[in-house]
Amino acid sequence: MKKIDPCTLVLFGASGNLSRVKLMPGLFRLDAAGRLPDHMAILSVGRGDVSREAWQADIKVMLDTKFKNGYDEAVFKRFMARNHYHANPPTDPDAFKKMQAKLADESVFPQNLAYFLSVRPTDFAPIVEQLSGVGLLDETNHWRRVLIEKPFGTDLPSAQALQASITKHLKESQIYRIDHYLGKSALQNIMLTRFANTMFEPIWNNQYIDHVQITNNETLGVGDRTEFYNNTGALRDMVQSHLLQTLALVAMEKPQDLSPESIRAEKVKLLQSIEPIPVDDLNKHVFRAQYAAGRVCVGDGHGENVHGYLDELASVGVTESVTETYAALKLFIDNPRWKGVPFYVRTAKRMHEGNTAISIRFKKAPMQLNDEQHQNWLMLNIQPRECIKMEIESKIPGLDIATRTLSIDSPQRQATDESIDSYESLLLNLMEGDPSLYLHISEVEAQWRLMDPIVKAWAADKSPVHQYIAGSRDPAESSVIFESEDQFWRYSIELNGDKHQS
Ligand code: BG6
């Protein structure tokens, strides 16, 4: 367990959805697990003029909603005592001065300060500037760190502009750019599976691997984020960040050690060696679509009729859109290990199942008994089930020589294992001063550099976007990006042999 200095977590956007659903309950769980230092305070910052008591009552609502089976009263008391509120109305020119005055009370607020900016992206730079203006980023006697929520920019120029503006006030070591996927334990396991075992490294290359699929499918739609999503799309929302980071962990070289610098250096190298998608041949490399009305499976296994994406937009007055809710891409990595191996990356809302996985298909085996023989697959399933699954061919017992596919499937999680939300581990890392699970600016830049040309080309192409029925599988037309005819999309549970025939 790393030691955490006494500190104050200053939570901007504290009454927003992320804070209500993830951050406050996450901090409470860390407190219950004894992971918060005794001297640690939380100052929630919001626009509304709310008393400390009213804010604490609101936190209780958040906890009651999250922990339906109740919680420990002693921890609850301790947690409440940590919590304070500061009203920061945008109309008040002295708001930050007042915050500075409040935080100056050392008997309440330890002076190491971690700011969590869970606010609109347009507010990141102004908040940093104002904190700096009142001396709240000054590290002369104590550390000061700023966590910036996703997205860091909406394209390369805006990311660079944001970087330029915040580095007027912050050193790189003070900036924590979040990608919450890196806080997922199953994602952290990719590196360990690869490098803490002997059997994978020798076959982890273009000599043995046919292709890799990195998938994030959700049954959820865009919900009440219609406007944000319509300005963003699946490519920028999921691929630019979470899925390229996942790809980097799957494909990078072994870091020299486990220091943040070494891990980030290997990820940056890998991201920079992904070949740009040829915009003059876009249709063979990328595919986009939007969900139409249909029926999806909801949490309890029941079906629910849902509207199409364009209908949802129409209900808020938007009459046309080419924004994708489904995006599939083919990427190649220009290095000796991966030359020629396609990496298929796809993400979609309103699919038949919610699943995030890495599926790796190996090349044909040296001994082919018949045409039916399947190639080996290795699957690292990230969510909802954390498991490692391997498919191998095995003889069918009996007189004949024939094989069938055997699935070796091992859950990664045991009943007694800690279940930690990604925001909990990231909050802890922020307070510990460990940036290994946060993004370096070079990673963010490399990711935008890859996405920008596609985003631009898609935005310019106003022809109607392909529709898929909500609750269905990948549109058959998406297979246009496959390199060979025998490649197909993998799903979470079926065996290779049950491949989906569209
Ligand atoms: C967010 C995206 O970053 O990640 C959402 O903005 C998406 O659109 C979410 O639903 C997925 O995260 P998770 O942890 O539920 O897989």
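The values are calculated or read from the model by the stated rules, or taken from the named source; none is laboratory data. Not measured: the values here are computed from a predicted model. FYI the Cβ positions are ideal-geometry reconstructions off the backbone, even for glycines, and counts take in every protein chain you see.
So the values come out like this:
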| item | result |
| --- | --- |
| When residues of the range 353-368 are limited to those that are of a type outside the set (A, V, I, L, M, F, W, C) and assigned to a strand (DSSP E or B), the one nearest to the ligand (Cβ to nearest atom) | Thr356 |
| Test: residue in the range 42-53 that is of a type outside the set (S, T, N, Q), surrounded by fewer than 21 Cβ atoms within 10 Å (Cβ to Cβ) and either free of Cβ contacts under 8 Å to residues at least 12 places away in the same chain or under 15 Å from Asn429 (Cα atoms) (or both) | yes |
| Matching option when the condition is buried (at least 20 other Cβ atoms within 10 Å of the Cβ), away from the ligand (no atom under 14 Å from the Cβ) and in contact (Cβ under 8 Å) with a residue 12 or more places away in the chain, among Pro435, Pro411 | Pro435 |
| Selected residue [within 22 Å of the chain's Cα centre (by Cα), modelled with pLDDT under 95 and hydroxyl-bearing (Ser, Thr, Tyr)] from Ser407, Ser419 | Ser419 |
| Filtered residues of the range 256-314 (kept if under 23 Å from the mean Cα position of the chain (by Cα), basic (Lys, Arg) and assigned to a helix (DSSP H, G or I)) | Arg264, Lys267, Lys269 |
| The range 408-423, residues that are β-branched (Val, Ile, Thr) and either in contact with a Gly (Cβ under 6 Å, 6 or more places away or on another chain) or more than 19 Å from Arg29 (Cα to Cα) (or both) | Ile408 |
| Which numbered condition Asp400 fails, given (1) part of a loop (DSSP other than H, G, I, E, B); (2) at pLDDT 95 or above | (2) |
| Top-ranked residue in the range 265-299 [being of a type in the set (S, T, N, Q) and surrounded by fewer than 18 Cβ atoms within 10 Å (Cβ to Cβ); ranked as farthest from Ala446 (Cα to Cα)] | Asn283 |
| Hits in the range 369-397 (condition: of a type outside the set (S, T, N, Q), loosely packed, with under 13 Cβ neighbours inside 10 Å and not in a loop (DSSP other than H, G, I, E, B)) | Lys395 |
| Residue list for the range 218-237, restricted to those being more than 10 Å from the ligand (Cβ to nearest atom) and closer than 17 Å to Leu329 by Cα | Gly233, Leu235 |
| Criterion (of a type outside the set (Phe, Trp, Tyr), more than 16 Å from the ligand (Cβ to nearest atom), surrounded by 15 or more Cβ atoms within 10 Å (Cβ to Cβ) and without any contact (Cβ under 8 Å) to a residue 60 or more places away in the chain) met by exactly one of Thr416, Thr403 | Thr403 |
| Identity of the residue in the range 89-110, touching a residue at least 60 places away in the same chain (Cβ under 8 Å) and outside any helix (DSSP H, G or I), that ends up surrounded by the fewest Cβ atoms within 10 Å (Cβ to Cβ) | Val108 |
| Leading residue by the ranking (farthest from Pro276 (Cα to Cα)) among those in the range 436-476 that are of a type outside the set (A, V, I, L, M, F, W, C) and touching a strand residue (DSSP E or B) at 6+ places or on another chain (Cβ under 6 Å) | Gly471 |
| Residues that are outside any loop (DSSP other than H, G, I, E, B) and either modelled with pLDDT under 95 or more than 21 Å from Gly308 (Cβ to Cβ) (or both), drawn from the range 460-476 | Ala460 |
